[in-house]
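Worksheet: one structure, shown below.
The values are calculated or read from the model by the stated rules, or taken from the named source; none is laboratory data. None of these values were measured; they are calculated from a predicted model. Don't worry about glycine lacking a Cβ; one is built from the backbone with ideal geometry, like all the others, and counts go over all protein chains shown. Just the protein is used for accessible areas: all its heavy atoms, side chains included, with ligands, DNA and RNA removed. Shrake-Rupley method; radii C 1.70, N 1.55, O 1.52, S 1.80 Å.
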Amino acid sequence: MAVTQRRGRRIMMTPEELDAFLAERRTCRVATVSADGRPHVSALWFAWDGTSLWLYSLTRSRRWADLRRDPRLAVVVDDGEEYGELRGVELAGTAVFVGEAPRTGADCPELAAPEALFARKNFGLEAMPHDGRHAWLRLTPDAIASWDFRKLSAL
């Protein structure tokens, strides 16, 4: 179970708000640790199943190489333009590689639900298109921190 944030409880999202926010957003920023210890941040599409964040990553990317060496990662999903509109979620934990890499569509029951969710959300399709260049990462977060500055006006 993810650690609950201590600071900012007044503006944190409820579990229902968090699920709805992650269901509607498409792009996240993924932070990994490079071989030299420097952080590397990249944008990626995702799907949230209520427990885990599913990331469909290029297998020939710096992100993939970083996570093969050190599976720790943090992900931020955010939204808003004006200060009082800012809201977001940071999820942190360890990446788990799921299924074949690269993914060509071989039977993998663990991927049936996330692929259907991802295909509908990001492509408007019922089945996942596989290009032989991407593969799946699952982040079941150890820690989640969220914020919704729209709640500041209610304080």
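Please name all residue pairs, on different chains or six or more residues apart, with Cβ atoms under 7 Å, provided the first residue is in region 44-55 and is farther than 11 Å from ARG26 by Cα and part of a loop (DSSP other than H, G, I, E, B) and the second residue is open to solvent by less than 40 Å² (accessible area, probe 1.4 Å) and not polar (S, T, N, Q). Qualifying pairs under 7 Å: ASP49/PRO114; SER52/LEU139. Only residues that are at pLDDT 95 or above, under 22 Å from THR51 (Cα atoms) and open to solvent by 70 Å² or more (accessible area, probe 1.4 Å) were counted across region 124-155, and they come to 1.
Residues of region 33-51 that are farther than 23 Å from GLY132 by Cβ and crowded, with 19+ Cβ neighbours inside 10 Å: TRP48 alone. Determine whether PHE149 is in contact (Cβ under 8 Å) with a residue 40 or more places away in the chain and hydrophobic (A, V, I, L, M, F, W, C). Answer is yes for this residue. Of the residues in region 8-16, at least one is in a helix (DSSP H, G or I) and either open to solvent by 50 Å² or more (accessible area, probe 1.4 Å) or more than 17 Å from ALA143 (Cβ to Cβ) (or both).
Contact map, region 71-95: first residue of a type in the set (S, T, N, Q), second residue assigned to a strand (DSSP E or B), Cβ cut-off under 7 Å, separation 6 or more or different chains; pairs are THR94/ARG72.
PHE97 passes every criterion in (1) farther than 20 Å from ILE144 by Cα; (2) more than 17 Å from the chain's Cα centre (by Cα); (3) open to solvent by 50 Å² or more (accessible area, probe 1.4 Å) apart from (2). If the condition is being within 20 Å of the chain's Cα centre (by Cα) and open to solvent by 60 Å² or more (accessible area, probe 1.4 Å), then region 103-123 contributes GLU110, ALA112, ALA113, ARG120, PHE123.
Taken over region 114-146, the criterion of being among the aromatic types (Phe, Trp, Tyr) and touching a strand residue (DSSP E or B) at 6+ places or on another chain (Cβ under 6 Å) is satisfied by PHE118, TRP136.
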